[in-house]
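Here's the structure we're looking at; comments come further down.
The values are calculated or read from the model by the stated rules, or taken from the named source; none is laboratory data. Not measured: the values here are computed from a predicted model. As a convention, Cβ positions derive from the backbone with ideal geometry for all residues, glycine included, and neighbour counts pool all protein chains shown. What goes into the accessible areas is simple: the full protein's heavy atoms, side chains included, and nothing from ligands, DNA or RNA. Shrake-Rupley method; radii C 1.70, N 1.55, O 1.52, S 1.80 Å.
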Amino acid sequence: MKYKLLTGILFVPIIALSVVTQLYILIPVYSDLVLFIKGATLNNIGLLTSLFAIFYAIGFIIWGGLSDRIGKERTLSIGLLLLATISFIMPFITNYYWLLICRTLEGFCAASYPPVAIAWITLNLSEPSKSKAVSIISCAFLLAGIIGQWFGSLMITNSLYPAMWILMAIYIFGSLLFFYHTPKKTHQENSSNMKASLFSIFKQLPRVLFSKKLFPIYLCALIVLLSFVTLYSILPSNNIAEYIPTLRKIGIVAMLFSLTASYLFRLIKPVYVLTLSLFLMTSSLLIHYLYLNEQLNNIYLLFISHFIFIVALAYAVPSMITCVATQSAIEDRGIATSLYTCILFIGASLGSFLPIIFKSNNLILFISICIFIALVQLIYYLIKNDR
């Protein structure tokens, strides 16, 4: 039990941070990659992040179903070993199209970790430790958005070797950790899920997706990470690029507020926390838009608005997870959570791709409007259900 507690509280979040770092690691070094990746241009380099995120999102549903069949520990061990193998190979590849294939496979393998790790925590830790571990791992997923960019900008200049091999070492450690503690005979955790085929899982998706209770949350999930990734994709090519290191430091501090989400939910319903978070994200993103168009120049206001934006994001993500868990039927809870995570990271993939197509600061304004629309439909849902 002490091993499981140590693993859930310490090792699982560290591995989570290193896995999700892969999604963000290339965003700040696109211009560097173009110099040593043959066939890469500033117009196509963003696909290395977009395709990773798309297959990362798709993989959640596949790996989640597989873990019900072969067990959580075995799934985590296999997924991390495959991820380590691809991370070892990637630095040797200098052709853009082969690298694109590797990033696609990497995204799919990385998807084996987040949902299965959370399921492992819920199955193996006691109730008090469980909520603490889930808060820490959620914080790790969010921190990866900032730390991943910082790590990439620090370790990637003219080669992928140091960055990928450091991460590879963590994945190998994680794979061995779960391998040596895999039960010789996998327990039948859920007999109905063990018998379920992938086809039957996919048959559930439309019904769960368009559920009246869940669809408003899914719409919010699509736009939340999209706004974060788009903002950080646009910042390096704008007039406030010199402040990015400071903004990242502010972001790391702000992300830590996600650790207090479980305490906040005792005072305020998660759906109301989500509503307030979306409002703050809309407002702060509009302030960023004014800075990007040089209509504001007080740098301290930028720092404050960025802090508010990241804090709102840090509360929005656990709010949505909790809303999906409480609003979904018990028999649909697993697929509902996987679908939520899938939609969340489809938004992240669009966030890295849209700035390539629409090379304009007006994209930030458009996304602010989209968040506001998501906020309006959520308020409408609340009013309708309060009647």
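In this structure, is residue 282 at pLDDT 95 or above and either under 23 Å from residue 356 (Cβ atoms) or out of contact with any Phe, Trp or Tyr (no Cβ under 6 Å at 6 or more places or on another chain) (or both)? First the steps, then the outcome.
Values: at pLDDT 95 or above: yes; either under 23 Å from residue 356 (Cβ atoms) or out of contact with any Phe, Trp or Tyr (no Cβ under 6 Å at 6 or more places or on another chain) (or both): no.
So residue 282 fails the test.
What helices (runs of 4 or more DSSP H), lying completely within the stretch 1-81, carry at least 1 residues that are charged (D, E, K, R)? Can you show your working first?
Numbers: elements: 2-6, 12-24, 30-36, 47-70.
Those helices (runs of 4 or more DSSP H) span 2-6, 30-36, 47-70.
Quick check on this structure: which one of 103, 74 is of a type outside the set (Asp, Glu), out of contact with any helix residue (DSSP H, G or I) (no Cβ under 7 Å at 6 or more places or on another chain) and either in contact (Cβ under 8 Å) with a residue 40 or more places away in the chain or buried (at least 22 other Cβ atoms within 10 Å of the Cβ) (or both)?
On the way: 103 fails: out of contact with any helix residue (DSSP H, G or I) (no Cβ under 7 Å at 6 or more places or on another chain).
Among 103, 74, only 74 is of a type outside the set (Asp, Glu), out of contact with any helix residue (DSSP H, G or I) (no Cβ under 7 Å at 6 or more places or on another chain) and either in contact (Cβ under 8 Å) with a residue 40 or more places away in the chain or buried (at least 22 other Cβ atoms within 10 Å of the Cβ) (or both).
Just to be sure before I move on: is residue 131 open to solvent by less than 40 Å² (accessible area, probe 1.4 Å) and of a type in the set (Ser, Thr, Tyr) in the structure I sent? Steps first, answer last, please.
Details: open to solvent by less than 40 Å² (accessible area, probe 1.4 Å): no; of a type in the set (Ser, Thr, Tyr): yes.
In short, no.
Output the helices (runs of 4 or more DSSP H) that fall wholly within the stretch 111-183 and possess 1 or more residues being among the small types (Gly, Ala, Ser) and modelled with pLDDT of 90 or more, or say none. Write out each step before concluding.
Details: elements: 114-124, 127-155, 161-179.
Result: 127-155, 161-179.
For residue 82, work out the one condition from (1) buried (at least 20 other Cβ atoms within 10 Å of the Cβ); (2) under 18 Å from residue 170 (Cβ atoms); (3) in contact with a helix residue (DSSP H, G or I) (Cβ under 6 Å, 6 or more places away or on another chain) it doesn't fulfil.
Here residue 82 meets the rest and fails (1).
With a cut-off of at least 2 residues that are open to solvent by less than 20 Å² (accessible area, probe 1.4 Å), name the helices (runs of 4 or more DSSP H) lying wholly within the stretch 194-286.
On the way: elements: 198-209, 215-234, 244-255, 261-267.
Here the list reads 215-234, 244-255.
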